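Presented below is the structure to which this report refers.
The values are calculated or read from the model by the stated rules, or taken from the named source; none is laboratory data. Here the structure is a predicted model, which is why all the values come from computation and not from measurement. Reconstructed Cβ throughout: ideal geometry from the backbone, glycine too, with neighbour counts over all protein chains shown. In case anyone asks, the SASA skips ligands and DNA or RNA and just uses the protein heavy atoms, side chains included. Shrake-Rupley method; radii C 1.70, N 1.55, O 1.52, S 1.80 Å.
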Amino acid sequence: MKKVLITGGAGFIGSHVVRRFIKNYPNYHIFNLDKLTYAGNLENLNDIDKSENYTFIKGDIVDSDFINNLFSEHKFDAVIHLAAESHVDRSITNPLEFIQTNIIGTVNLLQAAKVNWKDNEKGKLFYHVSTDEVYGSLRETGLFTEETSYDPRSPYSSSKASSDHLVRAYGNTYNLPFVISNCSNNYGPNQFPEKLIPLCINNIKNGKPLPIYGEGKNVRDWLYVEDHATAIDEVFHKGTQGETYNIGGHNEWTNIDIVKSLCDVMDKKLGNEAGTSQKLITFVKDRAGHDMRYAIDASKIEKDLNWKPSLQFKEGLSKTVDWYLNNNQWLDNVTSGNYQSYYDKQYS
Ligand code: NAD
Ligand code: TYD
């Protein structure tokens, strides 16, 4: 039985990766290590958490003794590292937490893998899941390739860039077998409703304003979360050690256009008169240091690993809205408490 440690498996993307691996690889034992911060939610895994090949471990990757003991106890064969503080706006108000989890947490995992795995041991792999935001901000043209120089510009992207560098440093210095992927913005079921798409779905449902930063002209390249999980599966199984793979949807949208589309989809599904939800759009103060445009050149993963996004955006958005409308309890549970106080502070 291969022992695979997935960190951050109770979060948005992690839960889709855990589910995929539990279902597709009964010969793997999946250990899901998660601190259960505001973004971690075990409800995301209700459907698989009784599986025989699954173990949940509550713990903090910043605690090095805990991580070292965990590795000695379980002798993991591979790590898929997703645990992170992941929201740019939170990184602007509280950068230190991002330094702790994203940098110190990653180095704790790398160090434990280095100590427990023999030099370049066959069959071992440290897979670091990262973001396209490490490459900085594009102007109107151009795409991020795997060769684009790093130019992170927010505390979040800088902390992720540092973690990417540390993974490569452990590979180069200690022969730690690794692979990295850098993905564009994800959307889909189970995303915490403080990120743009689920925040707007929740606000439309509740007739609340839809806050658009600045003029809404910033561009993001959106990928359905299950397509990211499929790409992670491909990179994990077929990726070449020491390589980086960019993952993206060839699906660029300005924020204002995406929110307008979402309004139209929601109006149809809720039986509202056309144009009702667009009236909620409210332009608010821009994010500090707001990156203008992200866009991924995914030709390497498409060519080398034969991966492609399976969903068109229209279909993905419709599936996402359906999921949020059909999962009121999930939404109510995560929008109470911590989220409410964050929301009041951010948009007051
Ligand atoms: P998320 O915020 O939804 O989930 C993060 C998970 O990590 C949560 O379950 C949380 O409890 C856990 N966690 C946080 N700090 C921890 C700690 N100290 N110890 C253990 N667990 C901890 O994030 P996400 O959107 O699912 O992103 C997952 C990964 O993918 C991150 O590394 C992120 O940088 C990367 N990524 C995200 C996107 C995106 O659009 N969301 C795009 C590209 C890459
Ligand atoms: P977000 O979902 O936070 O992802 P990221 O900052 O990692 O790209 O934001 C996506 C885009 O939407 C980004 O340009 C910021 C913008 N945005 C708003 O205009 N209003 C909001 O309330 C939020 C959360 C984001």
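Residue count for the stretch 238-262, restricted to those that are crowded, with 24+ Cβ neighbours inside 10 Å and modelled with pLDDT under 95: 1. The conditions of being outside any helix (DSSP H, G or I), more than 14 Å from ligand 1 (Cβ to nearest atom) and either modelled with pLDDT under 95 or more than 26 Å from residue 217 (Cβ to Cβ) (or both) are not met by residue 275.
Taking helices (runs of 4 or more DSSP H) as the structural unit, those lying wholly within the stretch 294-348 and holding at least 2 residues that are touching a strand residue (DSSP E or B) at 6+ places or on another chain (Cβ under 7 Å) correspond to 299-305, 313-326.
If you go through the stretch 81-137 and keep only what is of a type in the set (Ser, Thr, Tyr) and surrounded by 17 or more Cβ atoms within 10 Å (Cβ to Cβ), you end up with 86, 91, 101, 106, 127, 130, 131, 135, 137.
If only one of 50, 35 is surrounded by fewer than 18 Cβ atoms within 10 Å (Cβ to Cβ), among the basic types (Lys, Arg) and modelled with pLDDT of 95 or more, which one is it?
Among 50, 35, only 50 is surrounded by fewer than 18 Cβ atoms within 10 Å (Cβ to Cβ), among the basic types (Lys, Arg) and modelled with pLDDT of 95 or more.
Within the stretch 44-70, being under 14 Å from residue 29 (Cα atoms) and either of a type outside the set (D, E, K, R) or touching a residue at least 60 places away in the same chain (Cβ under 8 Å) (or both) holds for 48, 51, 53, 54, 55, 56, 57. Of the candidates 223, 199, the single residue that is open to solvent by less than 20 Å² (accessible area, probe 1.4 Å), within 16 Å of ligand 1 (Cβ to nearest atom) and free of Cβ contacts under 8 Å to residues at least 60 places away in the same chain is 199. The sole residue among 173, 93, 131 that is hydroxyl-bearing (Ser, Thr, Tyr) and farther than 30 Å from residue 74 by Cα is 93.
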